[in-house]
Structures are given as structure tokens and as C-alpha cells.
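Data first, discussion second: the structure below is written as C-alpha cells.
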Amino acid sequence: MKKIAIVCSVLLSHLIVAQVPVYKNKTAPVEKRISDLLSKMTIEEKILQLNQYTFGINNNPNNIGPEVKGLPAGIGSLIYFSADPVLRNTIQKKAMEETRLGIPILFGFDVIHGFRTVYPISIAQACSWNPELVKLNCSEAARESVLSGVDWTFSPMIDVARDPRWGRVSEGYGEDPYVNAVFGVASVKGYQGKKLSDPFSIAACLKHFVGYGMSEGGRDYRFSDVSAQSLWETYLPPYQACIDAGAATVMSGFNDISGVPATANHYTLTEILKKRWKFNGFVVSDWNAVKQLVWQGVAKDEKEAGQKAFMAGVEMDMKDNIYFEHFAALIAEKKIPMSAINDAVSRVLRVKFNLGLFDNPYTEIVEEQSRYLQARSKELATNLAEESMVLLKNKSNTLPFNSNVKKIALIGPMAKDKENIIGAWSFNGKSKDAESLFEGIQKEFKNVTINYAVGCDFDGTNESGFAEAVAKAKESDIIVLCLGEKKTWSGENASRSTIALPEIQEKLVEELKKTGKPIVLVLSNGRPLELVRLEPLVDAIVEIWQPGVAGGTPLAGILSGRINPSAKLAITFPLTTGQIPTYYSIRQSARPFDKQGDYQDISTEPLYWFGHGLSYTKYDYSPIKLSATKINKNQKIMVEVSVANTGKVDGKETVFWYVSDPVASISRPIKELKFFEKKEIKSGKKIIYTFQIEPMRDLSFTDAIGKRLFESGDFYLYVNDQKVKFEVTE
Ligand code: NOJ
């Protein structure tokens with residue numbers, strides 16, 4: 001009797017297990033779950049997975065929104081313009097319970113430099129040379145995102161950018177491919193955590209694949225004439241590094257890559273990304289980028305645009321609804337094979353399974369006070385702001401202030417601003433959360449009189465505030481002048497024909513200069529600025545970028561000396577707009593002597609090079625030591641330099657290791673950054689920095705089809721102002 005009961009219960013449990021489809025079985029391998037689900041899906045269900053919709057301003061939880069209204073809840077993804085986890089769960093519930101198969105929606109959003117805790121903009125983050133800190137802020141941003149209902153961020157942007165007229169230089173990590181790779185990887189690791197299914201991980205999205213930073217003349221959405229050599233050498237490497245680091249998704253760019261738009265580019269999206277790099281996540285188009293193929297002149301209508309984008313390798317259509325509208329017909333007409341649809345759907349499902357969405361589709365509801373702006377995230381925002389503010393000029397040690405400074409004239413439209421300092425792409429950031437520069441300075445300098453005047457607006461012609469500003473300056477010992485750009489001057493569709501500040505701001509500097517008081521110029525902006533006229537008028541310059549919610553205290557700390565600045569530029573500041581493009585890794589001129597080929601009317605030197613940044617201490621570099629000066633290509637050279645802090649204050653110094661290859665079959669840049677490292681050095685101490693030269697990694701280069709070449713010969717290593725030669729044989 002007992003035996004029969006046992007047999008029955010075993011049979012029953014097998015029956016129950018058999019009833020749970022494999023795709024719902026948490027313990028089944030992801031690839032098995034994908035193929036099981038795929039085998040159960042109709043064509044319509046598959047097509048829906050390849051669409052991403054937005055929803056409008058619509059708080060009715062039963063109605064996903066105007067653009068989604070009437071569509072089945074089985075859509076692949078939503079751009080989640082809300083921070084409400086309850087609404088997300090309501091929408092998700094429709095997908096889970098009212099669709100045949102219960103496939104969760106993937107909620108994506110632009111979490112670019114923080115969610116509610118807004119961190120410094122990406123270009124500022126790169127100037128910290130502290131990828132570990134960047135990783136931490138991304139992981140905090142991921143936590144706030146998850147708690148708000150977001151599973152997927154459209155970040156990082158790793159477009160190498162060398163034209164500061166382009167508004168989007170603020171969103172990336174500057175002019176160098178290696179730096180974009182390092183910070184891109186740090187942010188992918190921060191967002192995605194140890195594994196995507198961890199409770200506070202979100203999926204990253206590398207954008208904008210590829211060459212978007214080359215937009216002609218810095219104008220957005222334009223043609224980008226990217227040679228095959230520069231594609232492989234400059235624009236692809238950050239993407240490859242981030243794919244290797246496990247980035248889950250990629251976004252195709254708006255740009256037209258030398259005649260084939262990025263969103264219809266089979267070579268970049270399929271040949272390179274999927275075949276060569278074995279990327280197994282999915283590609284989402286940028287907003288409207290599928291439709292834009294018509295405007296870009298490669299598709300006759302939306303249907304053809306959809307076909308071209310998809311067949312090139314774009315699996316998900318952001319917002320255009322073109323895949324949804326036309327794919328059934330395109331499949332029926334055999335213009336899109338089912339095998340391609342199945343592959344694309346598998347890729348989307350893979351990200352969803354990896355995120356754990358099938359097993360945990362809902363967001364845990366945590367009260368708002370515990371969701372955002374926690375002590376840890378605010379501390380990270382402060383630390384990152386401290387480490388990303390660059391001291392560009394400090395004539396006669398104007399900074400830090402000495403005890404003679406009893407009255408500060410705090411002037412300028414940025415001084416009390418809380419709107420613009422948080423920067424572009426900060427949708428959920430609130431100006432009420434931000435600390436103004438004024439507030440930070442007031443807190444820091446308790447026994448100093450602060451004489452505030454706005455002076456002028458960011459732009460326009462109203463000079464009526466000048467007189468008050470001058471009067472306040474005359475009553476004070478020093479002027480702290482806070483100028484810069486509005487946040488809307490950076491980001492998408494924010495190209496500028498000149499990178500100078502508007503005339504009104506420059507005039508204010510001229511007026512204040514007449515008072516004879518020392519001027520500390522504090523700049524908050526999203527791009528390198530043309531400072532050729534302002535630099536000679538001021539005694540010190542602190543570039544604070546758009547620091548996010550915690551800019552005031554770090555700036556005040558730099559002014560007082562509580563903080564020793566340690567940031568250095570990740571992008572060159574040209575002398576004038578006409579010097580663009582100016583970047584450190586240029587190729588040698590055919591006549592690199594006697595100023596030949598240089599501009600004859602101005603200096604060819606930029607105002608501040610990539611890597612420039614001052615500190616309050618002095619670092620002395622010992623001669624570089626090499627473990628060998630001649631090796632073969634499979635050997636390595638250990639190099640070291642010791643750096644002594646010979647000043648009176650502790651500091652953090654970043655050492656940059658560059659190499660050059662003076663003779664090669666494809667000419668090489670005059671120098672290329674291969675490694676950097678930032679370390680704290682206490683006053684009076686020294687620290688050894690090391691780097692290992694691995695010829696196949698550091699001295700090889702790519703050709704125009706992505707093949708790596710190594711050519712033996714002489715090379716140079718550069719550190720600080722030193723240059724040493726070494727030889728590598730076959
Ligand atoms: C357009 C932008 O180019 C892209 O960076 C962003 O992620 C999407 N819109 C979604 O907002």
C-alpha cells in the first residue's frame with residue numbers, strides 16, 4: 001500500500017514538472033528556455049518582441065499610454081518615462097497575466113550620469129582618471145533605477161569625440177579610444193554588477209554604434225566620413241572592449257557612416273559586432289533611426305527602412321513602430337527570413353532571461369526616502385565631483401585662498417544656479433536636490449563675507465547687472481566668477497558654431513578685471529571652451545564641468561585647500577574654435593618643423609592639452625627604469641617610475657604611459673596612451689608606478705580591415721616629460 005502511494009506521488013510530481021514549460025523553469029539553462037519559448041511563439045508574438053514603445057504623460061495605470069494604447073501588452077520593451085515602480089508593476093502585470101505566454105516587458109531608460117542622484121557628466125568622470133569610482137557610481141545609479149522600475153539603461157556612450165562643437169562630447173569619455181574603453185568597461189561593470197540577474201543590476205547599452213562622434217562639423221545627426229582605418233583604430237576599440245566585458249546591448253547611431261547609415265550598416269552591425277566579436281545580445285535602433293533611413297536616402301519608404309535596418313542587424317526598433325507595422329508583410333513576401341526573426345527574438349529574450357525578468361518580473365516597492373539620494377550615493381557624487389574638477393590655471397598660487405581672504409565677491413549666473421549644474425540628460429534629477437556653488441562656498445567659508453551678485457545672464461545683452469558686480473568686487477579681496485553653459489547647450493541636438501562663452505559673459509570678465517582684484521574663474525560647461533580672451537584676464541581657472549547634485553562642497557574645498565585638485569583633462573581645450581579638431585594623438589605632419597603647415601595667424605598649440613591639470617603640490621618623477629631595452633615580440637618589458645610628492649600637501653597623481661612607433665607601414669599617431677594609473681601620494685613620500693609593455697598588445701596596430709599587425713623596430717615610451725627608446729625584434 002505504502003509503495004503504491006510513493007509511486008503515485010513521484011508520478012504526480014513528474015506530471016507537475018512536465019506541466020511547467022521549460023521556459024518557465026528557473027533552473028533550466030537559459031539557451032534551453034529560449035528555444036522552448038521560441039517554439040511556442042506565433043509570428044505576431046515574435047514581432048512584438050522586436051518593438052520598443054514609449055509611453056506619454058499618462059498616469060492611468062490601465063492605459064499604458066497613447067502610443068501603446070490598443071496594442072497588446074506583449075511588446076518587447078518600453079522606454080519608461082516614469083520613476084514610479086507601482087506603475088511599472090501594473091504595466092508588467094498586463095504582460096505577465098494578459099498575454100498568452102507571459103513574456104515580461106523590458107523597461108529601458110536614459111540613465112546617463114545617475115538616476116535621481118545625479119553625478120558629474122561623463123566627460124567630467126573621465127577627467128577623474130578613477131574608473132573604480134565611476135564603476136561605483138554606475139552601480140548606485142543601477143540601484144536607483146531598479147527601484148524605480150528600470151531594467152536597462154541606454155548608457156554608456158563611448159563615442160570618441162574630438163569636435164567640441166558637438167553637444168554630445170559631454171556624454172562620453174573624451175578624445176581617446178583607450179580612455180573611452182576603460183571608462184566604458186567600468187560603467188558596464190557598474191551597471192551590470194557581477195551578473196545581470198543580481199537584484200540591483202541593470203543591462204547596459206553601448207552607444208552609438210559607431211562613428212557618431214565624427215559627425216561632420218560637430219553638427220548632430222550628420223554624415224560621418226569615417227575611413228576604414230579610423231573606424232578600426234579609433235571608433236571601434238571602445239566597443240570591442242565593452243563587448244568583451246559583457247555589455248548586454250548596443251544602440252545603433254544616427255550617423256551615416258561614409259554612405260551607409262549606422263542603422264543600416266551590415267558591416268558594422270553584423271560582420272563586426274556579431275560575427276567577429278561574437279556579440280550575443282541585441283541591437284536597438286536609436287530613436288527614430290529606422291525611419292530616418294528614408295531621410296538619409298537609403299530607403300524608399302518606412303517598410304524598406306525597416307527591412308534594411310533589421311537585415312543589417314538591428315533587432316529592436318526604438319519607438320518607430322515600423323517593425324510592428326511591416327514585418328508580417330515582409331516575412332510573407334520572403335524579404336525577411338524566419339531564421340533572422342528567430343535569431344533576433346532569441347537575442348531579446350536572452351537579455352530578459354539573463355536579467356532574471358521571467359523569474360522576477362516585478363519591482364520591489366521601497367519607500368521613496370530609501371530609494372534615492374542615500375548617504376552612500378551622495379558621498380560618491382561628492383567624491384567624483386572632487387576628483388573631476390580640473391585646476392586649469394593657478395597664477396602665483398592664487399589658490400587655495402590664504403588667510404588674507406576675508407571677503408569673497410561671488411559673481412556670475414552659475415553661482416546660485418541649481419538647474420544647469422546638474423547637466424544634460426538628467427531627467428529624474430531635481431534642481432532642489434542640487435547644492436549650488438554659492439551654498440557650498442558659504443558652508444566652507446564660515447568666517448568670510450560673501451558678496452554675491454549675478455552680474456549677467458548666461459546669454460543675451462543685458463548689462464544692467466555689471467555695476468553691482470563691479471561694486472561687490474571692489475569691496476572684496478578676491479573675485480570668484482562662476483560662468484559657463486546652460487545644460488541645454490550640451491547633449492543631443494546641441495551643436496554650437498563656436499565654443500566660446502557668449503559675449504555677455506566675456507564682457508563681465510573684462511569689467512571685473514578693471515577692478516584690479518584677483519579673479520578665480522569657475523567654469524561649468526559640457527564641452528571644452530574657447531578661453532583665448534578670458535585666460536589672460538584671470539588668475540586661476542577651475543573647470544568644474546556639470547558636477548551634478550554635489551558640486552558646491554567640492555568646489556569650495558578646492559578654493560579653501562581642503563581638497564587638493566587631482567583631475568586632468570580627458571579632452572583637449574583648443575585655443576580657438578578654428579583650431580578644431582585638436583587632439584593629442586594626431587599624426588605627424590609632412591613638415592613637422594619651422595611652423596610649416598601650422599596656422600600662420602595663431603599658435604597651433606591648444607590652450608590646454610589632454611592630460612593637463614594642476615595640483616597644490618609638486619610631483620617629481622624619477623628617470624624611467626626599463627627591465628630591458630631590447631626584447632623580442634613575445635617578451636615583456638617592465639617599466640617603472642617613482643613619483644615623489646615634494647610639496648606640503650597630500651595629493652593624487654595620475655601617471656600616463658604613452659608609446660610611439662616612429663616607422664610603420666601604416667603611419668602611427670605621434671603618441672598613444674596605453675595605460676594610466678592614479679594613486680595617492682602623501683606629502684614627503686614617493687610611490688612607484690609600473691607598467692608592463694606587452695608588444696603584441698601595446699605596440700601592434702590594426703589595419704583598415706581590423707587585422708592586427710606587429711612590426712619590429714624602435715619604439716618610444718613617454719612618461720610626463722621623459723622619452724626613452726627601446727627595441728623590439730621579431
Ligand atoms: C536619442 C539619443 O541619441 C540616445 O542617446 C538616447 O538613448 C535615445 N534618444 C533614447 O532617449
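DSSP bridge analysis restricted to region 375-579 gives an antiparallel fraction near 15%, rounded to the nearest 5. Remark: the Y716-I43 segment gains 236.4 nm on full extension, using 0.36 nm per residue and subtracting the alpha carbon distance.
Annotation: average projected area of the chain is 38.2 square nanometres, based on the convex hull of Cα atoms across all directions. Computed extension gain for A664 through E368, at 0.36 nm per residue and net of the alpha carbon distance, reaches 100.7 nm.
A compact globular protein would have a Cα radius of gyration near 2.2 N^0.38 Å; the ratio found for region 375-579 is 0.95. Measuring with a 1.4 angstrom probe and ignoring ligands and nucleic acids, R100 comes out at about 150 Å² accessible.
The listed residues Y689, Y621, once ranked by accessible area (1.4 Å probe) with the largest placed first, stand as Y621, Y689.
Looking at the chain alone, DSSP beta bridges between its own residues are antiparallel in about 50 percent of cases. About the Cα centre of region 375-579, what is the dipole size in debye to 20, counting +1 per Lys and Arg Cβ and -1 per Asp and Glu Cβ, all else neutral? So the magnitude is around 460 debye. Quick check for you: which residues of region 429-467 have the amide N under 19 Å from the point 7 Å beyond the Cα of S497 toward its beta carbon? Residues 459-461 fall inside that zone. Using R₀ = 22 Å, calculate the FRET efficiency as 1/(1 + (r/R₀)^6) where r is the Cβ-Cβ separation of A467 and N404; round to 0.05. Efficiency, rounded to the nearest 0.05: 0.25. When +1 charges are put on Lys and Arg Cβ atoms and -1 charges on Asp and Glu Cβ atoms, the dipole computed for region 548-639 relative to its Cα centre reaches about 580 debye. Could you work out [θ]222 nm for the chain from helices alone, using -39500 (n - 2.57) per DSSP H run of at least four and dividing by all its residues? Round to the nearest 500 deg cm²/dmol. Counting only the DSSP helices, I get -8000 deg cm²/dmol. A simple spin-label model places the labels of K195 and A329 4.5 nm from each other, with each point 7 Å out along Cα-to-Cβ. Projecting the Cα atoms of N428, V405, W287 onto the dipole axis of the chain, where Lys and Arg carry +1 and Asp and Glu carry -1 at the beta carbon, places N428 farthest toward the positive end. Of the residues L380, L330, I365, the one whose Cα sits farthest toward the positive end of the charge dipole of region 329-416, with +1 on the Cβ of Lys and Arg and -1 on the Cβ of Asp and Glu, is L380. With every protein chain in place and a 1.4 angstrom probe, the accessible-area ranking of L614, L355, largest first, reads L614, L355. Counting only residues at least eight positions apart within a chain, or on another chain, the aspartates and glutamates with an alpha carbon under 19 Å from that of K319 are E44, E45, E67, D110, D151, D286, D301, E302, E304, E492. Computed extension length for K725-E379: 120.2 nm, one decimal, from 0.36 nm per residue of separation with the Cα-Cα distance subtracted. Computed FRET efficiency, Cβ-Cβ of T90 and K648, R0 60 Å: what is it to the nearest 0.05? Between T90 and K648 the formula returns 0.50.
Charging the Cβ of each Asp and Glu at -1 and of each Lys and Arg at +1, and nothing else, the dipole of the chain about its Cα centre rounds to 1860 debye. The value of relative contact order for region 375-579, using C-alpha pairs under 8 Å at least six residues apart, is 34 percent. Averaged over its residues, the chain has an accessible area of 39 Å² per residue, based on protein heavy atoms and a 1.4 Å probe.
Close amide H pairs (under 5 Å, H built 1.01 Å from N) link K674 with W657, Y658, V659, residues at least 5 positions away or on another chain.
Proximity of backbone amide H atoms, modeled 1.01 Å from N, is registered between Y173 and D159 at under 5 Å, excluding neighbours fewer than 5 places apart on the same chain. Only Cα pairs under 8 Å and 6+ residues apart enter the sum, and on that basis the relative contact order of the chain stands at 13 percent.
The values are calculated or read from the model by the stated rules, or taken from the named source; none is laboratory data. It should be emphasised that the depicted structure is a prediction, and the values quoted were computed from it without experimental measurement. Cβ atoms come from the backbone with ideal geometry, glycine included; neighbour counts cover every protein chain shown. These area figures cover heavy atoms from the full protein model, side chains too; ligands, DNA and RNA do not enter into them. Shrake-Rupley method; radii C 1.70, N 1.55, O 1.52, S 1.80 Å.
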